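Quick note: the coordinates plus some simple rules give every number you see, no bench work behind them. Here the structure is a predicted model, which is why all the values come from computation and not from measurement. When we count neighbours, we look across all protein chains shown, and the Cβ atoms used for this are built from the backbone with ideal geometry, even at glycine.
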């Protein structure tokens with residue numbers, strides 16, 4: 001595996017969680033280094049999103065540990081995760097539709113005036129800055145995000161994740177709702193963030209997407225880790241075999257889910 | 001790279017849309033004011049000029065106060081996708097408790113009509129109301145019992161508790177100072193005070209508009225044209241001064257005026273004395289509650305969270321908002337406001353009865369909904385709900401003036417509620 005010398009930004013060890021007797025995630029270990037993009041692959045229901053929601057604080061694991069920079073991290077709530085610099089772009093975007101872009105970007109982390117009231121002007125100004133970088137055509141700062149197009153909503157969700165100096169970024173199907181041009185924009189952004197030393201978990205069921213951007217892939221099936229591999233060491237067909245059959249090729253490190 | 005200049009405003013669909021949006025006027029609110037105006041003029045014509053008199057408008061304002069106060073809290077409850085069916089019953093039990101406190105408990109320690117009695121009674125009211133609300137909020141937020149069920153249970157429990165306080169006995173009369181909270185002659189603030197309040201309000205409006213404009217200019221955001229800003233200030237101040245003028249043109253009844261003159265050593269002139277009522281204390285309380293609640297909803301983190309929870313509960317949770325505690329606070333606030341309304345209606349009636357507030361929950365919910373609060377959550381304004389309360393009360397008091405039978409009044413109010421929500425739905429679908 002590459003970069004064995006550096007401490008992982010994030011390491012999830014033997015994570016398990018069950019919902020009503022069904023093991024959605026079963027003893028999965030993954031890690032992520034600075035400036036690295038790790039693709040998490042698997043069918044719908046393989047447990048990718050659940051695993052990632054444990055890292056972002058939305059779920060509490062039944063077993064397993066999370067390490068951030070080599071130190072044990074207690075992540076019980078989304079707030080804890082953000083405290084460790086772990087930001088998430090959810091598949092559903094998780095935007096409050098009735099609130100404008102600035103309100104969504106700063107939701108839960110509002111800028112306050114000295115009197116303790118919302119500093120909307122500062123938040124709007126900061127929003128204009130970050131959106132100018134992500135989506136220069138964005139104008140609709142005063143409207144609830146419900147009125148925005150899919151791509152615009154996506155850029156608001158991305159802006160929320162990168163504005164607060166994330167060190168780990170989780171992107172759950174970031175291009176599922178986007179057209180080709182917008183998908184390219186997201187790809188460019190991933191490469192740019194990577195250069196800044198941010199570690200990225202990229203979750204997708206589209207392996208072309210992942211092969212273009214990721215340094216490594218980890219494949220899940222039925223809640224278990226099939227294996228992990230550097231993208232140079234495996235072919236797309238071999239990864240497809242991992243996803244569909246759970247068969248671990250010679251170029252990959254097998255996990256407990258390999259058949 | 002050629003990017004179109006980022007400062008040009010996006011083109012608007014229609015000319016009128018662009019004008020209204022440039023003024024940043026809430027079209028919905030404008031529609032409600034127009035509907036209210038139509039109702040008022042209609043009743044005035046039908047009643048032969050009895051509706052639009054200072055006397056009727058003054059009474060209308062006092063009658064609206066109690067429901068309007070509770071409606072401001074109901075907006076936040078409904079915005080979070082919940083409902084509170086227990087507000088009338090909470091009002092009832094709080095009314096009985098403060099009745100006992102000021103008529104049976106406090107006089108034995110402080111003596112009758114002590115100046116501390118009224119403040120203590122109010123404090124007890126908002127504390128008891130707030131605690132009941134927090135308790136219900138805890139059941140809803142932390143035990144995940146649907147608010148409909150918790151507050152339906154609350155409706156029965158607190159109404160029963162109201163009876164239990166004195167086993168059904170009515171308590172009267174209230175403390176002399178406390179009665180001012182109900183309006184009436186004790187609660188009329190008089191002409192001078194009213195003009196002072198109106199002047200201060202106008203000053204604040206101008207300062208607030210100027211302040212927010214300066215802030216936007218400093219950040220380089222688009223601002224309204226200066227003439228529009230001036231027009232808004234003028235209309236707002238005009239409305240405040242107009243309301244003050246109306247309140248000040250309703251004189252005290254002759255006998256009360258004569259008593260007042262005697263008490264102040266003023267000789268009674270031939271033609272009688274014109275002593276204006278001025279704004280009523282409960283109305284002032286309701287307006288202050290409306291302002292504070294609007295501030296809370298729009299300018300504070302709490303309000304932002306309330307709306308975020310209503311817009312997308314999951315997103316709010318994932319943003320790290322403590323949604324349960326926020327929800328519990330919303331219900332606590334609702335209970336607190338029920339406490340204020342209990343004071344107003346008890347003082348107005350000059351008696352605490354265990355039937356106080358019966359059916360108020362329905363009027364409060366109707367006010368919020370007529371005022372544009374969406375039962376789907378996430379949408380609603382405090383001012384709209386207060387206006388909704390005024391619309392409901394106008395209908396009722398107008399029909400009383402026309403001598404409409406009580407059952408028909410209910411039919412009309414019910415029909416108007418359904419109609420208002422239908423029209424609002426049409427409007428929302430069109431702007432989308």
So, for the Cα atoms of segment B:188-277, Rg and Dmax in Å stand at 19.9, 64
A correct Kirkwood calculation over the Cα atoms of segment B:221-378 returns a hydrodynamic radius in Å of 20.3
Dividing the helical contributions, -39500 (n - 2.57) per DSSP H run of n ≥ 4, by the residues of chain B yields a 222 nm value, nearest 500 deg cm²/dmol, of -23500 deg cm²/dmol
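Normalised by the residues of segment B:188-277, what does the relative contact order come to in percent, with Cα pairs under 8 Å and at least six apart?
Computed value for segment B:188-277: 40 percent relative contact order.
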Taking Cα atoms, the helix A:236-245 axis meets the longest principal axis of chain A at an angle in degrees (rounded to 10) of 80
Comparing A:249, A:136, A:174 in a Gaussian network model of chain A (Cα, 10 Å), the one with the largest mean-square fluctuation is A:136
Counting only DSSP beta bridges with both partners in the protein assembly as shown, the antiparallel fraction in percent, to the nearest 5, comes to 60
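Please compute the length gained on full extension between residue A:188 and residue A:211, using 0.36 nm multiplied by the number of residues separating them and subtracting their Cα-Cα distance. Intermediate results must be reported in sequence, preceding the final value.
Working: separation 23, 0.36 × 23 = 8.28 nm, distance 1.42 nm.
Difference between extended and current length: 6.9 nm.
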As a percent rounded to 5, the proportion of antiparallel DSSP bridges among beta bridges in segment A:52-204 is 35
Rounded to the nearest 10 degrees, the helix A:120-134 long axis (Cα) sits at an angle to the longest Cα principal axis of chain A of 50
The residues B:29, B:328, B:74, sorted from fewest to most surrounding Cβ atoms within 10 Å, come out as B:29, B:328, B:74
Using alpha carbon positions and the Kirkwood radius, the Rg to Rh ratio of chain B is 0.99
Mean-square fluctuation maximum in Gaussian network of chain A, Cα pairs under 10 Å, restricted to A:210, A:219, A:111, hits A:111
For segment A:121-252, averaging the sequence separation of alpha carbon pairs under 8 Å that lie six or more residues apart and dividing by its residue count, the contact order in percent is 15
Computed from every Cα-Cα pair in segment B:25-94, P(r) in 10 Å bins starting at 0 and rounded to whole percents is 16, 31, 33, 19, 1
Expressed in µm² per second, the diffusion coefficient of segment B:358-407 from the Stokes-Einstein equation, with Rh the Kirkwood radius over alpha carbon pairs, at 37 °C and 0.692 mPa s, is 285
Measuring from the longest principal axis of the C-alpha atoms of chain A, the long axis of helix A:150-163 (C-alpha) lies at a number of degrees, nearest 10, equal to 90
The relative contact order of chain A, taking Cα pairs under 8 Å that sit 6 or more residues apart, comes to a percentage of 25
Shielding of A:51-62 by other chains, given as the mean Cβ count within 10 Å, works out to 1
Cα pairs beyond 42 Å in the protein assembly as shown, in percent, come to 40
With T = 10 °C, eta = 1.306 mPa s and Kirkwood Rh from C-alpha pairs, the Stokes-Einstein D of segment A:107-211 in µm²/s is about 106
Volume per residue (Å³) of the convex hull spanned by the alpha carbons of segment B:88-199 is 141
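For segment A:99-165, what does the equivalent ellipsoid look like in terms of its semi-axes, each the square root of 5 times an eigenvalue of the Cα gyration tensor, given largest first in whole Å?
Calculated on Cα positions only, the semi-axes equal 20, 12, 10 Å.
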proj_area_mean for segment A:1-83 (convex hull on C-alpha atoms), units nm², value 5.8
Sorted on mean Cβ neighbours within 10 Å (highest first), peptides B:335-344, B:56-65, A:120-129 come out as B:335-344, B:56-65, A:120-129
In Å³ per residue, the alpha-carbon convex hull of chain A encloses 133
Note: B:319-326 gets an average of partner chain Cβ contacts (10 Å, Cβ to Cβ) equal to 4
The Cα radius of gyration of segment B:326-432, divided by 2.2 N^0.38 Å with N its residue count, comes to 1.21
Ranked output for segments A:9-20, B:366-377 by mean other Cβ atoms within 10 Å, highest leading, reads B:366-377, A:9-20
Rg/Rh of segment B:307-383 (Cα atoms, Kirkwood Rh), to two decimals, equals 1.08
